[in-house]
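*Asks:* Dropping the structure in here first, questions after.
The values are calculated or read from the model by the stated rules, or taken from the named source; none is laboratory data. All values derive from a computational prediction rather than experimental measurement. When we count neighbours, we look across all protein chains shown, and the Cβ atoms used for this are built from the backbone with ideal geometry, even at glycine. Remember, those area values only see protein heavy atoms, side chains included, never the ligands or the DNA or RNA. Shrake-Rupley method; radii C 1.70, N 1.55, O 1.52, S 1.80 Å.
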Amino acid sequence: MSPRTKTSMNKTAQKIRKPKLAVWKFSSCDGCQLSLLDCEEELLPITEYIEIANFPEASRASSKGPYDISLVEGSITTPHDAERIHQVRRQSKVLMTIGACATAGGIQALRNFKDVKQFISAVYANAKYIETLNKSTPIADHVFVDFELRGCPINKLQLLEVINAFLNGRKPNTPASAVCLECKRRFITCELVTHGALCLGPVTQAGCDALCPSYARGCFGCFGPKETPNTSSLSTYWNSLGIKDDELVRLFRGFNAYAEAFRRESEAHEK
Amino acid sequence: MVGIHLKTLIFERSELDHLVETLKRRDYKVIGPLLRGGAIVYDEITNTSSLPIGWTDERSNGKYRLKNRDDAVVFDWTVGPQSWKRFLFPPIQKIFATHKRPKGIDLPNTKKQPVQETVPAKYAFLGVRPCDLHAIAVQDKVFLGGPYRDPVYERKRSGNFIIAVNCRQAGGTCFCASMGTGPKATSGFDIALTEVLEGKRHYFIVEVGTELGGEVLKSLKCLKATDENLAALKEICEKTTQQMGRSLDTTNLKSILYQNSEHPRWESTASRCLTCANCTMVCPTCFCATIEDVTDLSGKQAERMRKWDSCFTLDFSYIHGGSVRASTKARYRQWVTHKLASWVDQFGTLGCVGCGRCITWCPVGIDITEEVRTIRENQS
Ligand code: SF4
Ligand code: SF4
Ligand code: SF4
Ligand code: SF4
């Protein structure tokens, strides 16, 4: 995080260059960019302190790099993308990836467990014009990433927090501990313990404020593995309660299927 | 068996409504048990109709289920996922706000005026179990016992009216009898109730713990307890003691844990532990918090927030260069040895009251009593 230009706080702000922010899209559904647009009320105040220089989802107007901060959505799935991400990196002082696609390969990384050629021939009439990579990979596999913001989609409050922290030269408050802490701080009764839900909260990184448990659903793991995730203990426990391996494979093979800890866990239960 | 009390009375079940009424008239915010999300939790109540009448809880390792009973007993359950600490030590609390001046920052003068000026709610807690009375006493030591008193806790704790309820049955993960904290309340309450259902007769035996307790009871129709009532009280408490789902031998415990810091059991439990922190969040005595500073976009306003934290997170022991307790083994050992050993050095009492919440709400059912037993019986 580079500190903001101090003087932009006072009246000379207009004359001083505001930090430039760019938003980039790779293979993704655009949901994370929508989280930024969803900041409706907060978006205008943000533009007081930051110049949104490139954000195709919001506006066709764009100004040239270099950019002080780039938000990258989406994973790398084509040879062209694999080139383009280097261009983005070259133009960005700080590069931040947002969402499960950019940080873990996304749902499209389900292809990584199979042969992509078979999918192509099943889906397209003519495979000749399809240029795709064998695997969907996170941005950090290709270029250096300064900060990763998790989620499918990201939580808009966390996004604001990270932009805010960047502007003020402070550490963002985005803990890597379990969803369970958020559950308990909100007094949500545990779905796993009271109803036997297959909740991934104990191995998933916080950040959603326990969204699914607050609607009486187990956590789907869309923020990816937490710090020191003990996925094998949770699987062993569920196995002992009679949960079958193929169900465990499905559980861990969601939006973050290709995140290291979840990938290893699903592979361990695949016959 | 009958503890220290000024006098013992009885009142009929219907008087419970009047008790809540009386407390409300005295400007208390009455907090009591109610059903929510498949568990018995605590929140504000306005009358007795929301109490979990006819419900009970079944608790085992990593499992909690509500069960309907065929009677109208009000307090035949033990403890749920929440404890009274949620009101006295809130999970998210603003400590102060500050703003930037041309030179320096404004800080609230905490000596002149309290951090938050709003008149605090005066809590009346209805249905505090004996183990939880002890948990409150433990947190009193933590937050108010030393030279630095916690102003938030102090404000929330002051003027509490505590209605304890003795346990008619123990839960599957309870071990208060081992810890000397239950199943009968002996101190720390204004009044303590024991619920009795004898055929058609449904009444409460009332022990008065403070003058204020006696005062409040004056608005209720009470009778002096008879020898038979006292015998019923004794019998209920003895029966509950026999029912304890768990036990924990505390003899020499502190030195056993200190001497076995490299016991192989720590490592094998670490392979099961998810470091999810549920055990510490539900524990009524755990008091750890982290501080988060937040700013507005301009950087002119800032707030300091205090949030529940746990020795199971990596951030908890992070100092320059890394986390001190990087391994799960180190984190699990910290939790158990803090509760049962170093707490004694720190506060002169054990940090565990035997409520069993950590066992019930651990997603993989890790059981502190079983861990301690294994280490005690196989000392290295
Ligand atoms: S519902 Fe899930 S996330 Fe919440 S405490 Fe239970 S296991 Fe953790
Ligand atoms: S350590 Fe477990 S049993 Fe002991 S007081 Fe805490 S939650 Fe209750
Ligand atoms: S056991 Fe852990 S969370 Fe609980 S009080 Fe001790 S250090 Fe804090
Ligand atoms: S002992 Fe259980 S509740 Fe506590 S951190 Fe480990 S897995 Fe979570």
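*Asks:* Show me the ranking of peptides A:37-43, B:200-206 by mean Cβ neighbours inside 10 Å, starting with the highest.
*Replies:* B:200-206, A:37-43
*Asks:* Which residue, chosen from B:99, B:38, B:20, occupies the Cα position most advanced towards the positive end of the dipole of the stretch B:7-242, where the dipole is computed from +1 (Lys, Arg) and -1 (Asp, Glu) charges on Cβ about the Cα centre?
*Replies:* B:99
*Asks:* Follow-up. What dipole magnitude, in Debye to the nearest 20, does the stretch B:114-255 give about its Cα centre under +1 on Lys/Arg Cβ and -1 on Asp/Glu Cβ?
*Replies:* Its charge dipole is roughly 200 debye.
*Asks:* I'd like to check one number: the per residue accessible area of chain B, probe 1.4 Å, reported in Å² as a whole number.
*Replies:* 43 Å²
*Asks:* Could you check how much of the accessible area of the protein assembly as shown is carbon and sulfur, as a whole percent, using a 1.4 Å probe?
*Replies:* Details: 15430 of 29100 Å².
Roughly 53 percent of what the probe reaches on the protein assembly as shown is carbon or sulfur.
*Asks:* State in Å² the accessible area per residue of chain A; use a 1.4 Å probe, count heavy atoms of protein chains only, and round to the nearest integer.
*Replies:* With all protein chains present, chain A gives 47 Å² per residue.
*Asks:* Another one. Using the Kirkwood formula on the Cα atoms of the stretch B:1-103, what hydrodynamic radius do you get, in angstrom to one decimal? Can you show the working numbers first?
*Replies:* Working: mean 1/r = 0.0590 Å⁻¹.
One over the average 1/r among Cα pairs gives 16.9 Å for the stretch B:1-103.
*Asks:* Also, quick follow-up: Over all directions, the average projected area of the alpha-carbon convex hull for the protein assembly as shown comes to how many nm²?
*Replies:* That works out to 34.4 nm², a quarter of the Cα hull's surface.
*Asks:* Obtain the nm distance between the two label points defined at residue B:103 and residue B:317 by a simple spin-label model: each point lies 7 Å from its Cα along the Cα-to-C-beta direction.
*Replies:* 4.5 nm
*Asks:* Percent relative contact order of the stretch B:7-242, based on C-alpha pairs within less than 8 angstrom and at least six residues apart?
*Replies:* It rounds to 25 percent for the stretch B:7-242.
*Asks:* Using θ = phi - 60° and the Karplus relation 6.51 cos²θ - 1.76 cosθ + 1.60, list the HN-Hα couplings for the stretch A:253-263 in order, rounded to whole Hz, with x at every Gly or Pro.
*Replies:* Working through the residues one at a time gives 9, x, 5, 10, 3, 9, 5, 2, 5, 6, 4 Hz.
*Asks:* Please report the equivalent ellipsoid semi-axes of chain A, computed as sqrt(5 x eigenvalue) of the Cα gyration tensor, largest first, in whole Å.
*Replies:* On the way: eigenvalues 235, 131, 38 Å².
Equivalent ellipsoid of chain A: 34, 26, 14 Å, largest first.
*Asks:* Residue by residue through the stretch B:135-141, what is 3J(HN,Hα) from phi via Karplus (6.51 cos²θ - 1.76 cosθ + 1.60, θ = phi - 60°)? Round to whole Hz and write x for glycine and proline.
*Replies:* So the Karplus estimates, Gly and Pro as x, are 5, 5, 4, 5, 5, 4, 5 Hz.
*Asks:* Also, I was wondering about something else. Under the rule of -39500 (n - 2.57) per DSSP H run of 4 or more residues, summed and divided by the residues of the protein assembly as shown, what mean residue ellipticity at 222 nm is obtained, to the nearest 500 deg cm²/dmol?
*Replies:* On the way: 26 runs with 210 residues, N = 651.
Theoretical 222 nm ellipticity from helices: -8500 deg cm²/dmol.
*Asks:* Using the Cα centre of the stretch A:12-167 as the reference point, and only Cβ charges (+1 on K/R, -1 on D/E), how large is the resulting charge dipole? Debye, rounded to the nearest 20.
*Replies:* Magnitude of the dipole: close to 580 debye.
*Asks:* Moving on. At a cut-off of 40 Å², which residues of the stretch B:78-97 become less accessible once all protein chains are present than in their chain alone, using a 1.4 Å probe?
*Replies:* Going by heavy-atom accessible area, the residues of the stretch B:78-97 that drop by at least 40 Å² are B:86, B:91.
*Asks:* Provide a list, ordered by number, of residues in the stretch B:340-367 showing at least 40 Å² less accessible area with every protein chain present than when their chain is taken on its own, using a 1.4 Å probe.
*Replies:* B:361, B:363, B:364
*Asks:* Could you state the number of Å between the C-alpha centres of the stretch B:222-270 and the stretch B:6-27?
*Replies:* 30 Å
*Asks:* From the protein chains alone at 1.4 Å, what is the descending order of accessible area for A:243, A:46, largest first? The partial results should precede the final answer.
*Replies:* Details: A:243 40, A:46 5 Å².
From most exposed to least exposed: A:243, A:46.
*Asks:* Roughly what % antiparallel, to the nearest 5, for the DSSP beta bridges in chain B?
*Replies:* 80 percent
*Asks:* Still on this structure, please answer the following. From the Cα gyration tensor of the stretch B:253-377, with a ≥ b ≥ c the square roots of its eigenvalues, which class applies: rounded if a/c is under 1.5, or else prolate if a/b is larger than b/c, or else oblate? Please list the in-between numbers first.
*Replies:* On the way: a/c = 2.04, a/b = 1.89, b/c = 1.08.
Here the stretch B:253-377 falls in the prolate category.
*Asks:* Mind checking the log10 I(q)/I(0) for the stretch B:7-242 at q = 0.12 Å⁻¹? Debye, one equal scatterer per Cα, no solvent, two decimals.
*Replies:* So the normalised log intensities are -0.71.
*Asks:* Which value in Å is the Kirkwood Rh of the stretch A:158-271 over different Cα pairs?
*Replies:* After inverting the pairwise mean of 1/r, the radius is 14.8 Å.
*Asks:* Have a look at the stretch B:251-279 and report residues whose accessible surface goes down by 40 Å² or more when the remaining protein chains are included, against the chain on its own, probe 1.4 Å, ligands and DNA/RNA excluded.
*Replies:* B:274, B:276, B:278
*Asks:* So, in Å, what gap is there between the alpha-carbon centers of the stretch B:313-337 and the stretch B:80-94?
*Replies:* For the stretch B:313-337 versus the stretch B:80-94, the Cα centre distance is 24 Å.
*Asks:* Could you work out the mean projected area of the convex hull around the alpha carbons of the stretch B:27-80, in square nanometres to one decimal?
*Replies:* With every direction weighted equally, the projected area is 4.0 nm².
*Asks:* Moving to a separate point now. Let me know the Kirkwood hydrodynamic radius for the stretch B:233-313, please, with Cα pairs as the basis and the value in Å to one decimal.
*Replies:* When all Cα pairs of the stretch B:233-313 are included, the Kirkwood radius is 17.5 Å.
*Asks:* Here's something else I'd like to know. Compute the orientation-averaged projected area for the stretch B:195-336 from the convex hull of its Cα atoms and round it to one decimal in nm².
*Replies:* Values: hull surface 70.7 nm².
Convex hull of Cα atoms, orientation-averaged projection: 17.7 nm².
*Asks:* May I ask you to evaluate 6.51 cos²θ - 1.76 cosθ + 1.60, the Karplus curve with θ = phi - 60°, for each residue of the stretch B:366-380 and list the ³J(HN,Hα) values in order in whole Hz, giving x for glycine and proline?
*Replies:* Calculated HN-Hα couplings, in order: 6, 10, 4, 6, 6, 4, 5, 4, 4, 5, 4, 7, 10, 5, 8 Hz.
*Asks:* Taking the dipole about the Cα centre of the stretch A:179-268, with the C-beta of Lys and Arg at +1 and of Asp and Glu at -1, give me whichever of A:268, A:254, A:192 is farthest to the positive side.
*Replies:* Most positive-ward Cα: A:192.
*Asks:* Quote the total accessible area buried by chains A and B together, excluding ligands, DNA and RNA, probe 1.4 Å, nearest 100 Å².
*Replies:* 3300 Å²
*Asks:* Still on this structure, I have one more. What is the extension gain from residue A:51 to residue A:90, computed as 0.36 nm multiplied by their sequence separation minus the C-alpha to C-alpha distance, in nm to one decimal?
*Replies:* 12.1 nm
*Asks:* If you don't mind, another one. Relative to the Cα centre, what is the charge dipole magnitude of the protein assembly as shown, using +1 at the beta carbon of each Lys and Arg, -1 at the beta carbon of each Asp and Glu, and rounding to the nearest 20 debye?
*Replies:* Working: 86 positive and 71 negative charges, 319 e Å.
Result for the protein assembly as shown is approximately 1540 debye, rounded to the nearest 20.
*Asks:* Does the stretch B:134-282 come out rounded, prolate or oblate by the C-alpha gyration tensor, with a ≥ b ≥ c the root eigenvalues, rounded set by a/c under 1.5 and, if not, prolate when a/b is larger than b/c and oblate if not?
*Replies:* Because a/c hits 1.5 or more and a/b fails to exceed b/c, the stretch B:134-282 counts as oblate.
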